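Structure first, then comments.
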Amino acid sequence: MSTLLTDKIAIVTGGASGIGRATAELFVEHGAKVVIADRNEEQGTLLAQALGAGAEFKYTDVAKAEQVQELVDFTVDRFGGLNVMYNNAGISGAIHNSFLTDDFNDFEQVISVNLFGTMVGCQCAARYMVDHGGGSIINTSSLAALKPGLPLITYRAAKAGVMQLTQSIARELGVHGVRVNCIAPGHIPAGMTFYDISARIKKTQPLQRQGAPEDVANAALYLASDLSAQVTGVILPVDGGTNLGDPIYVQEPGL
């Protein structure tokens, strides 16, 4: 077993499935104690049981500030501290192919989960970490925040807010030994990517390899561990280079 996260205590929100699940599994594999936070009680409980004594499940709606504080308190009580907070929970919202026809019926929910939930998660974790020797906060944004366009305008705006939040609080919390970084996944087949993305990868992703939730989990592992001890305020795309622009196919001379 790796010792990258030995003696570390972590929270992973949205941890019952997709990127969160892959991250919880990897954190435990590397020696951490992990609290899986999610609204899916059945999946979260089963995952915690499968991971053994190093994991617990706590039902949490991150859009409710009191539940996020209860999550932090639960983690400290159960495992004796908090070293890593991974604010990963998110929802996509309704798909509208035009800004002009968007009814914004899901605006409050999308902002509450994706931005407010992340903001509160950062604050609750940071208040503990500042008084207990520091720690690492990781937030999940999205390629959608780096590449403007349609659809999901509210989702894009919320995830862009997560990036600004990350870098703003990294400046304040650094003096307290708290690092704050952000992962921007793209083209990852997980809960919110419900369509075949192979054609899109060919056209828009320079690195033609198909990504997986485990790729994002590996990035979270790096940011959670002491390997990134000198890293804060970073926006880390895990997107096969999609944020750089479309792939360039160069025709060989003479063809």
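The values are calculated or read from the model by the stated rules, or taken from the named source; none is laboratory data. These numbers were taken from a predicted model, which means no experiment stands behind them. Heads up, the Cβs are rebuilt from the backbone with ideal geometry, glycines too, and the neighbour counts pull from every protein chain shown.
In summary, VAL130 fulfils each of the numbered conditions (1) more than 16 Å from ARG179 (Cα to Cα); (2) among the aliphatic types (A, V, I, L, M); (3) in contact with a strand residue (DSSP E or B) (Cβ under 9 Å, 6 or more places away or on another chain); (4) surrounded by fewer than 24 Cβ atoms within 10 Å (Cβ to Cβ) with the single exception of condition (1).
On the basis of being among the polar types (S, T, N, Q), under 19 Å from ALA126 (Cβ atoms) and not in a loop (DSSP other than H, G, I, E, B), does GLN43 make the cut? I'd like the intermediate steps shown before the answer.
Values: among the polar types (S, T, N, Q): yes; under 19 Å from ALA126 (Cβ atoms): no; not in a loop (DSSP other than H, G, I, E, B): yes.
It is false that GLN43 is among the polar types (S, T, N, Q), under 19 Å from ALA126 (Cβ atoms) and not in a loop (DSSP other than H, G, I, E, B).
Is one or more of the residues making up the stretch 14-27 without any contact (Cβ under 8 Å) to a residue 40 or more places away in the chain and of a type in the set (Asp, Glu)? So far as the stretch 14-27 goes, no, none of its residues is without any contact (Cβ under 8 Å) to a residue 40 or more places away in the chain and of a type in the set (Asp, Glu).
Residue-by-condition table, conditions (1) assigned to a loop (DSSP other than H, G, I, E, B); (2) more than 18 Å from GLY14 (Cβ to Cβ):
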{"position": "LEU51", "(1), (2)": "no, no"}
{"position": "VAL72", "(1), (2)": "no, no"}
{"position": "THR75", "(1), (2)": "no, no"}
{"position": "GLY90", "(1), (2)": "yes, no"}
{"position": "HIS96", "(1), (2)": "yes, yes"}
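Just to be sure before I move on: is VAL62 surrounded by 19 or more Cβ atoms within 10 Å (Cβ to Cβ), under 17 Å from ALA10 (Cα atoms), in contact with a Lys or Arg (Cβ under 7 Å, 6 or more places away or on another chain) and β-branched (Val, Ile, Thr) in the structure I sent? When the stated conditions are applied, VAL62 does not pass them. When you look at ASP215, is it part of a helix (DSSP H, G or I) and of a type in the set (D, E, K, R), yes or no? Yes; evaluated as a whole, the condition is true for this residue. Among the residues making up the stretch 109-139, those that are closer than 25 Å to ARG156 by Cα and among the hydroxyl-bearing types (Ser, Thr, Tyr) are SER112, THR118, SER136.
Scanning the stretch 199-255 for residues that are under 19 Å from the mean Cα position of the chain (by Cα) and charged (D, E, K, R) yields GLU214, ASP215, ASP226, ASP239. Of all residues in the stretch 134-146, those that are closer than 19 Å to LEU244 by Cα and free of Cβ contacts under 8 Å to residues at least 60 places away in the same chain have Cβ atoms under 9 Å from Cβ atoms of residues that are in a helix (DSSP H, G or I) and among the aromatic types (Phe, Trp, Tyr), 6 or more apart or on another chain, in SER142/TYR155; ALA144/TYR155; ALA145/TYR155. What's the number of the only condition in (1) free of Cβ contacts under 8 Å to residues at least 60 places away in the same chain; (2) buried (at least 16 other Cβ atoms within 10 Å of the Cβ); (3) assigned to a loop (DSSP other than H, G, I, E, B) that ILE248 fails to meet? Result: ILE248 passes all but (2). Against the condition touching a helix residue (DSSP H, G or I) at 6+ places or on another chain (Cβ under 9 Å), of a type in the set (D, E, K, R) and closer than 28 Å to CYS122 by Cα, how does ASP246 come out, does it pass? No; evaluated as a whole, the condition is false for this residue. Criterion applied to THR75, THR6 was being among the β-branched types (Val, Ile, Thr), surrounded by fewer than 21 Cβ atoms within 10 Å (Cβ to Cβ) and either in contact (Cβ under 8 Å) with a residue 60 or more places away in the chain or farther than 16 Å from ILE137 by Cα (or both), and the one residue passing it is THR6. Name the residues in the stretch 224-245 that are within 23 Å of ARG156 (Cβ to Cβ), touching a residue at least 60 places away in the same chain (Cβ under 8 Å) and either among the polar types (S, T, N, Q) or part of a helix (DSSP H, G or I) (or both), would you? Hits for the stretch 224-245 are THR242, ASN243. When the residues of the stretch 77-88 are filtered to those that are in a loop (DSSP other than H, G, I, E, B) and either modelled with pLDDT under 95 or in contact with a strand residue (DSSP E or B) (Cβ under 6 Å, 6 or more places away or on another chain) (or both), the one that is nearest to ILE36 (Cα to Cα) is ASN88.
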